[in-house]
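What follows draws every value from the coordinates through simple rules; no lab data is involved. Please read these numbers as outputs of a predicted model, since none were measured by experiment. Please note: Cβ atoms are built from the backbone with ideal geometry, for glycine as well, and neighbour counts cover all protein chains shown.
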Amino acid sequence: MIEILPSLLAADFARLGEQIAQVTEAGVNFLHFDVMDGHFVPNISFGVPVLQSLRKSTKLAIDVHLMIEDADTYAPMFVAAGADCVSVHQEACPHLDRTIRMIQSEGARAGVVLNPATPLVTVEHVLPLVDYVLLMSVNPGFGGQSFIPYVLEKVRALREQRGRLGLGFSIEIDGGVSVDNVGRVAEAGVDWVVAGSSVFGAPNPAHAVTAMRQAAMEAVARRV
Ligand code: DX5
Ligand code: ZN
């Protein structure tokens, strides 16, 4: 089963509750919540108080993607505010092993994120620890960018490695995914697909999620 995770970065922040209700209706299990600090990435988004409000208004799992320099300080605050999953960038975490274990000990699932140009080998040793690996298919910082196709090779290689090592982490992809390319993404082997502008930029976000999920499932059926 492939999960579509609507990215709230592309939502209308003045109508967040309404927009979440629309994608909930389409049967999503997760929301993707992009945190940017203006240092690790050249943009600022939203933070802990927004997550606290969302936590009170939805039962969906919330996947927090930290695009920040100081994940060790802020990750526990996001877990306390209701994050179910927290991912941190390999490029921003000098003590990655410790950071992953800390997120898990705080009570959330922990993911590691790789920018498009960062090789898989940089996270090889933490693969047995993590709950998921997020492969960026755009350079992080903005919604609405074009998908970088070479990331599909990383998806295939990571899936192969997971099978060879007998590990159970999920593979997530984030950036530039739409109904037009979600089939290729699914065929390459992802489990979780983040989609921002292709969901909230569509006239009907619920229909957009349903169309993406259907295209993904058809591609998976072709793969098997
Ligand atoms: C980019 C963020 C993404 C973003 C994706 O830095 O991590 O989650 O919302 O947006 P789209 O799907 O529009 O590329
Ligand atoms: Zn993201």
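All other residues whose Cβ lies under 14 angstrom from that of Q19 are scored, Lys and Arg at +1 and Asp and Glu at -1, for a net of -2.
Counted residue by residue at 0.36 nm each, then reduced by the alpha carbon distance between them, the extension gain from E18 to A117 reaches 32.0 nm. Separation of region 147-202 from region 1-38 is 18 Å, based on Cα centroids.
If the Kirkwood radius is taken over C-alpha pairs of region 157-219, then at 25 °C and 0.890 mPa s the Stokes-Einstein diffusion coefficient equals 199 µm²/s.
Scalar couplings 3J(HN,Hα) for region 149-154, obtained by applying the Karplus form with A = 6.51, B = -1.76, C = 1.60 to θ = phi - 60°, are x, 5, 5, 4, 5, 5 Hz; x denotes Gly and Pro.
The alpha-carbon atoms of region 87-140, seen along their principal axes, cover 30, 19, 18 angstrom, with the largest extent given first.
Site pair S146 and S57 shows an inter-label distance of 3.6 nm when each label is modelled 7 Å from Cα along Cα→Cβ. Each Lys and Arg contributes +1 and each Asp and Glu -1, all at the Cβ; summed about the Cα centre of the chain, the dipole is approximately 480 debye. Both radii are taken from the alpha-carbon atoms of the chain; with Rh as the Kirkwood radius, Rg/Rh is 0.93. Note on L167 and H125: their simple-model spin labels are 1.3 nm apart, each label 7 Å out from Cα toward Cβ.
Enclosing the Cα atoms of region 94-224 in their convex hull gives a volume equal to 119 cubic angstrom per residue.
Here the residues I173, I148, ranked from fewest to most Cβ neighbours within 10 Å of their Cβ, fall in the order I148, I173.
Across region 9-15, rounded Karplus estimates of 3J(HN,Hα) from the backbone phi angles (6.51 cos²θ - 1.76 cosθ + 1.60, θ = phi - 60°) give 4, 8, 7, 7, 5, 6, 10 Hz, Gly and Pro being marked x.
Note on region 1-68: antiparallel DSSP beta bridges, both residues inside, total approximately 10 percent of the bridges counted. Distances between placed amide hydrogens fall under 5 Å for S170 paired with Y132, V133, all partners being 5 or more residues away or on another chain. Show that you can apply the helix-only estimate: for the chain, add -39,500 (n - 2.57) for every DSSP H stretch of four or more residues, divide by all residues, and state [θ] at 222 nm to the nearest 500. Helix contribution divided over all residues of the chain: -11500 deg cm²/dmol.
In a DSSP loop and with at most 16 other Cβ atoms within 10 Å, the trypsin sites (Lys or Arg not before Pro) in region 9-101 are K59. Rank V190, V28, V209 by mean-square fluctuation in a GNM of the chain with C-alpha springs under 10 angstrom and give only the top-ranked residue. Result: V28 has the largest fluctuation of those listed.
Length gained on full extension, E218 to D97: 39.9 nm, using 0.36 nm per residue less the C-alpha separation. Peptide packing for 77-88, 156-167 was compared via the average number of neighbouring C-beta atoms within 10 Å per residue; ordered from the highest value, the list is 77-88, 156-167. Using +1 at the Cβ of each Lys and Arg and -1 at the Cβ of each Asp and Glu in the chain, identify which of T118, P42, I171 lies farthest towards the dipole's positive end. Of the options given, the answer is I171.
Placing R0 at 25 angstrom, the Cβ-Cβ distance between D180 and E153 gives a FRET efficiency of 0.80 after rounding to 0.05.
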